[in-house]
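In what follows, a structure is listed as structure tokens, so that the remarks can point back to it.
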Amino acid sequence: MKTIDVSTLKKRMDTGESLHLVDVREPSEHEEFNIGGVLLPVGDIRMGEIEKIENLKDQEVLLYCRSGNRSGQAALILESMGFSNVTNVVGGMLAWQEQFHI
């Protein structure tokens, strides 16, 4: 699985690059703070409910969560489902908030 740190991700976002962000946290966490993208809790991914992103199997999908653990698990699951370009955001939203003082 590929990884990306929050600083590199922010630089890519700031360039206006079209990114496929997927937040694998729970809805309440997403509502509290998020950096955009599709909300798809890791529990839904485990159950195979990936309709929101199934058209992205050959595109880069950047997964994030609170700390990087759930998104890492989600990345492995998606890879086993045929997603060929999955990237985990290391440190998740905790690192984002620490790095950018949010």
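See the values below:
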item	result
222 nm mean residue ellipticity, helices alone, for the chain (DSSP H n ≥ 4; -39,500 (n - 2.57); rounded to 500)	-11000 deg cm²/dmol
For the chain, accessible area per residue (1.4 Å probe, heavy atoms of protein chains only), Å²	53 Å²
The chain, accessible surface, carbon-and-sulfur percent (1.4 angstrom probe)	47 percent
Long-range HN-HN contacts of VAL86 with modeled amide H, under 5 Å	LYS2, VAL61
Karplus (6.51, -1.76, 1.60) ³J(HN,Hα), θ = phi - 60°, over the stretch 11-21, in Hz, Gly and Pro reported as x	4, 5, 5, 5, 7, x, 4, 6, 10, 9, 8
Per-peptide average of other Cβ atoms within 10 Å, ordering 58-68, 42-52 highest first	58-68, 42-52
Centroid-to-centroid separation of the stretch 64-90 and the stretch 1-56 [C-alpha atoms, Å]	9 Å
Phi-based couplings in Hz for the stretch 54-62 (Karplus 6.51, -1.76, 1.60; Gly and Pro marked x)	4, 7, 9, 4, 9, 10, 5, 10, 9
Interchain or long-range residues, amide H under 5 Å from LEU39's placed H	ASP23
Cα Rg over Rh - the stretch 41-102, Kirkwood	1.01
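The values are calculated or read from the model by the stated rules, or taken from the named source; none is laboratory data. No experiment lies behind these values; they were computed from the predicted model shown. All Cβ positions, even for glycine, are placed from backbone atoms using ideal geometry, and neighbour counts span all protein chains on display. Just the protein is used for accessible areas: all its heavy atoms, side chains included, with ligands, DNA and RNA removed. Shrake-Rupley method; radii C 1.70, N 1.55, O 1.52, S 1.80 Å.
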